[in-house]
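Just below is one structure, and these are the notes that go with it.
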Number of protein chains: 2
Amino acid sequence: MASSLTRYQTSWSGSYQTAWSGTSEFVPRDGTATRQRILDTAERLVIENGYAATTVDQVIAESRTSKGSFFHHFDSKLDLARSLVARYAAADIAHLDDAVARARAATDDPAEQVIAFVRVFEDDADELMSAQSSCLYVSILTERQLADAGTSKQIVEAITAWRTTLSTMLRAALDQRRPGHDIDTDALADHVFVTFEGAFLLCRSTGDNGHMRAQLTVLRQLLESLLA
Amino acid sequence: MASSLTRYQTSWSGSYQTAWSGTSEFVPRDGTATRQRILDTAERLVIENGYAATTVDQVIAESRTSKGSFFHHFDSKLDLARSLVARYAAADIAHLDDAVARARAATDDPAEQVIAFVRVFEDDADELMSAQSSCLYVSILTERQLADAGTSKQIVEAITAWRTTLSTMLRAALDQRRPGHDIDTDALADHVFVTFEGAFLLCRSTGDNGHMRAQLTVLRQLLESLLA
């Protein structure tokens, strides 16, 4: 989902800066900076061109490192993919937590919290799309063999975190506004993930990044009518 | 979107069977059957593993054809990709037209037509997911260079066809049920594409094809509350 770390995360929220955020001014001499640079380059290339079309040689060249250094940090291209997904999914979950905290700080009303949550992403949509052209998950999931090799586990963990958190918020809002409703709140929670991923593909196919914001606006309006 | 031709199209609707549908019992001796078999095999492999990870040799072997025959039909792997997308997008637009015709046959009420349209896909979701594991568009769009090489033009044409047709239906429904609304009907129409593509990714990541139907149900319920 929304997780391009180096350029995006800190501009959006500095609250969960970690060793891999790529934004710390303190650069330790233990290879962390090199590892980070390799991951940043690989993430950009894999999102842009796909995993199979990205070679280790290309990552090494574009990250200005060496074969020796690359293989010091990663056992293989597959190991690189796992590390990429791990850090992307961690940032994805951090974004979720951050947006929930902001929605809860904005209002005590469950339905208004749901709307405030979507608005966080809607307001930041243009910034998101200027930082990342698509979602790493799309590239990773496109290759079944890669997904089967353990990378999809971390994606599913992130999806589950979003589902669990949002389903709880949606249930509280629906119980209040539409008692006796027949909405599957897990599926409705998943619809937020679905909207992000589908919108990334719409932006990519049309070359118009404005679709991300437009889709989040539509999602908010649909939820507003549901929770009116 | 929903366009796996050989197994899905005819079971869903036999009304637009064409030379490439793979279902005609009449097999001409001009190479159409071979071309069709190559496209069917390539579509399956590209959806399953991605475009870059699919080799021409693999397509030749799995479609039980020869190098000579392959290059008689396709100039290159890129030419194959263009042909794949062309037939997939054509079927996608045919599905749109078929569902619109069914929705219009079901009711004269604009809002009910919108709901009937989504129900066509909702009812057929399990069949769709048993026929195709994901969407060809996802595989094609994952590789920017491939998309730039002309394949995305046909995807955009299909997206535009869906947007134009659905936006007209949605405008009529909203004008009747919510005069003075502030909904961008083009974006709301795109949300159907977005739901399909995002749901394909959700199914792929979780390994649970039931998400396609669940997401279409959620989309219908959201539209029902908007058009109530």
Going through the range B:175-201 in order, the residues found to be surrounded by 16 or more Cβ atoms within 10 Å (Cβ to Cβ), more than 8 Å from chain A (Cβ to nearest Cβ), touching a residue at least 60 places away in the same chain (Cβ under 8 Å) and farther than 16 Å from A:ILE155 by Cβ are B:VAL192
Which condition number in (1) more than 9 Å from every other protein chain (Cβ to nearest Cβ); (2) closer than 15 Å to B:GLU122 by Cβ is the one that B:LEU170 fails? (2)
Qualifying position, being under 19 Å from B:ASP92 (Cα atoms) and either within 19 Å of the chain's Cα centre (by Cα) or modelled with pLDDT of 95 or more (or both), among B:ALA173, B:ALA189: B:ALA189
Residue identified as open to solvent by less than 10 Å² (accessible area, probe 1.4 Å) and under 16 Å from the mean Cα position of the chain (by Cα) among B:ALA158, B:ALA103, B:ALA90: B:ALA158
Given the residues A:ARG87, A:ARG119, A:ARG64, A:ARG82, which is the only one that is within 19 Å of A:ALA189 (Cα to Cα) and basic (Lys, Arg)? A:ARG119
Given the conditions (1) in contact (Cβ under 8 Å) with a residue 60 or more places away in the chain; (2) more than 7 Å from chain B (Cβ to nearest Cβ), and given that A:ARG204 satisfies all but one, which numbered condition is not satisfied? (2)
Odd one out for B:GLU127 among (1) open to solvent by 30 Å² or more (accessible area, probe 1.4 Å); (2) more than 23 Å from B:GLU48 (Cβ to Cβ); (3) not in a loop (DSSP other than H, G, I, E, B): (2)
Residue pairs qualifying under the 7 Å Cβ cut-off, at least six apart or on distinct chains, with the first in the range A:41-62 being of a type outside the set (Val, Ile, Thr) and the second being surrounded by fewer than 19 Cβ atoms within 10 Å (Cβ to Cβ) and assigned to a helix (DSSP H, G or I), are A:LEU45/A:GLN58; A:LEU45/A:GLU62; A:GLU48/B:ARG144; A:ASN49/B:ARG144; A:ASN49/B:GLN145
Going through (1) touching a Gly at 6+ places or on another chain (Cβ under 8 Å); (2) within 13 Å of chain A (Cβ to nearest Cβ) one by one, B:ASP126 fails only at (2)
Just name the residue that is nearest to the other protein chains (Cβ to nearest Cβ) out of those in the range A:53-70 that are open to solvent by 30 Å² or more (accessible area, probe 1.4 Å) and closer than 23 Å to A:THR142 by Cβ. A:ALA53
Going through the range A:106-124 one residue at a time, which ones are basic (Lys, Arg) and surrounded by 21 or more Cβ atoms within 10 Å (Cβ to Cβ)? none
Matching residues in the range A:63-94 - criterion: being in contact (Cβ under 8 Å) with a residue 12 or more places away in the chain and not in a helix (DSSP H, G or I): A:SER63, A:ARG64, A:THR65, A:PHE74
From the options B:SER167, B:SER152, B:SER134, residue that is open to solvent by less than 80 Å² (accessible area, probe 1.4 Å), in a loop (DSSP other than H, G, I, E, B), in contact (Cβ under 8 Å) with a residue 12 or more places away in the chain and assigned by TED's automatic domain parsing to the domain that holds B:SER205: B:SER134
Scanning for something among the basic types (Lys, Arg), part of a helix (DSSP H, G or I) and modelled with pLDDT of 95 or more, does the range A:111-121 turn up at least one residue? yes
Return yes when A:ASP97 is of a type outside the set (Lys, Arg), in a loop (DSSP other than H, G, I, E, B) and more than 25 Å from A:GLN145 (Cα to Cα) and no when it is not. no
Boolean, B:GLU127 is in the same structural domain as B:LEU202 (by TED's automatic domain parsing) and at pLDDT 95 or above: no
Quick one: in the range A:100-133, of everything that is in contact with a Ser or Thr (Cβ under 8 Å, 6 or more places away or on another chain) and of a type outside the set (D, E, K, R), which residue is farthest from A:LEU39 (Cα to Cα)? A:GLN113
Given the conditions (1) within 12 Å of chain B (Cβ to nearest Cβ); (2) out of contact with any Leu (no Cβ under 9 Å at 6 or more places or on another chain), report the number of the one that A:ALA101 does not fulfil. (1)
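The values are calculated or read from the model by the stated rules, or taken from the named source; none is laboratory data. Here the structure is a predicted model, which is why all the values come from computation and not from measurement. Don't worry about glycine lacking a Cβ; one is built from the backbone with ideal geometry, like all the others, and counts go over all protein chains shown. We work out accessible area using only protein heavy atoms, side chains counted, and drop any ligands, DNA or RNA first. Shrake-Rupley method; radii C 1.70, N 1.55, O 1.52, S 1.80 Å.
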